[in-house]
1. Leaving ligands, DNA and RNA out of it, report the carbon-plus-sulfur percent of the accessible area of the chain at a 1.4 Å probe.
2. Roughly what % antiparallel, to the nearest 5, for the DSSP beta bridges in the chain?
3. Taking all pairs of distinct Cα atoms, average 1/r, flip it, and tell me the Kirkwood hydrodynamic radius of segment 1-86 in Å to one decimal place.
4. Can you give the Kirkwood hydrodynamic radius of segment 18-173 from its Cα pairs, in Å with one decimal?
5. Taking the alpha-carbon centroid of each part, what is the distance from segment 407-426 to segment 295-321 in angstrom?
6. What FRET efficiency do you get for Ala376 and Ser57 if R0 is 35 Å and r is their Cβ-Cβ distance, rounded to the nearest 0.05?
7. With the calculation restricted to Cα positions, what are the radius of gyration and Dmax of the chain in angstrom?
8. Long-range amide H contacts for Leu438: which residues qualify at under 5 Å (H placed 1.01 Å from N, peptide plane, sequence gap of 5 or more or a different chain)?
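The values are calculated or read from the model by the stated rules, or taken from the named source; none is laboratory data. These numbers were taken from a predicted model, which means no experiment stands behind them. Don't worry about glycine lacking a Cβ; one is built from the backbone with ideal geometry, like all the others, and counts go over all protein chains shown. Ligands, DNA and RNA are excluded from the accessible area calculation, which covers all protein heavy atoms including side chains. Shrake-Rupley method; radii C 1.70, N 1.55, O 1.52, S 1.80 Å.
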Amino acid sequence: MTPPRKLHIKSYGCQMNVYDAQRMVDTLGAEGFVETADVGAADLVILNTCHIREKASEKVYSELGRLRVAKEDAARAGRTMQIAVAGCVAQAEGQEIIARAPTVDMVVGPQSYHHLPELLARAGRGERAIETEFPAEDKFAVLAKPSREAIRARGVSAFVTVQEGCDKFCTFCVVPYTRGSEMSRPVARIVDEVTQLTDNGVREITLIGQNVNAYHGEGPDGRAWTLGRLLYRIAEIPGVARIRYSTSHPNDVDDSLIAAHRDLDALMPFVHLPVQSGSDRILSAMNRKHSAAAYRTAVDRFRHVRPEIAFSSDFIVGFPGETEEDFRATLALIDQIGYAGAYSFKYSPRPGTPAADMQEMVSATEMDERLERLQALIDSQQSAFNKAAIGTVVDVLFERVARKPGQLVGRTAYLQPAHVMASDEIIGQVMPVRIDSLERYSLLGELVTATPVSRSAAPLATVGA
Ligand code: 5AD
Ligand code: SF4
């Protein structure tokens, strides 16, 4: 029997890349590959790239420079190391990568991962294989499922892609070009995948999609289901203790999603709802198709049914034409909403997007200064939010042993890490924890009881027909 070939995947960027990397490992596992953490020992190295923000392609080329050296070392040792570029940079710049980086054997876009075995065979015949089409077939149906061992090794929390791509075309964003137009997986497939995960110890499911609340997959009744309706169905699956979803667009917050937050205990009261800017003028230049007021209304709808709900967001500072007044409108919106956390970025032009042609660039100094002000405000909100947990009892889903001996780490409903001295038998359980103190971003506390929180995951009411 030939020894297994070794695969090393380096993943950048979003949660979907994490999920995709796992699907690639599963699919190549079926071809006789095992994962290795050691790049030098790998027979195949995959760079799973991200194209969303600044200097994405430069980072890929410098990483490829390092890999070229590793490949030459392997060749000197009489081994063949193949190098593949996957992810959104592969999709956007496939031909260029092939032309510029002779060390690359394969380029594969996110919609073609199910073709990896075939690409590998082509590369094995000496061809430099490239696949960046948007094939019509359902890649999820072809990609291998994870083994029981792989699921167990990946822990109690898992991502499941339910939707991919985006038709919104915000003027700064590459996603509609790299991930393609919006598609939703059928409900039955998602339910199967979640069931397989929970059967093997997963307790928390995060449904992911670039525009997850635009979900409109086919339900068992043959109709298009909304994300809200899907959430009710997921909550019925035995073993699901917690459900999350990410990333949402304010315009796709509908009645069924609000109802799900009202009715489902398992649906965590923490929503990532990017707004990008608080200025209507900038929102319109960004083609966000919503105003700051419409965003506030969406937030209010969640809060009305779940007062304890918290939000995080994404912000871009220094979008072309952004004035000090526009920026202040963003700070004002942040003040009004009050976030538990947020990601903030300096605008960077992405080639091929409409905003890349906009002329009124904000200076680098101004961008730096605005980013600093925005982050200071978010940091103060986040630390107030975290401090408010001190002295309260919160539910924690325990994930793994911590670095400190005898200590476990888990997460609260708001994804705050919580450290507790406890036996590792409670990994995978939700337990009440009294929070005593805060150390940077981490909560420290102690178990209140030895009994797990019993959570009825079943809905209190159902939505739709
Ligand atoms: N420049 C800066 N930030 C960007 N993002 C997306 N495109 C750009 C860009 N061109 C940010 C947005 C988005 C997050 C994932 O990345 O805030 O919500
Ligand atoms: Fe990009 Fe999100 Fe806008 Fe879609 S909705 S174009 S993914 S920023």
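1. 52
2. Among the beta bridges of the chain, antiparallel pairing accounts for roughly 35 percent.
3. 13.5
4. Taking every pair of different Cα atoms in segment 18-173, averaging 1/r and inverting gives 16.6 Å.
5. Distance between centres, Cα-based: 27 Å.
6. With a Förster radius of 35 Å, E is 0.65.
7. Cα-based Rg and Dmax for the chain come out at 22.9, 69 Å.
8. The answer is Leu444.
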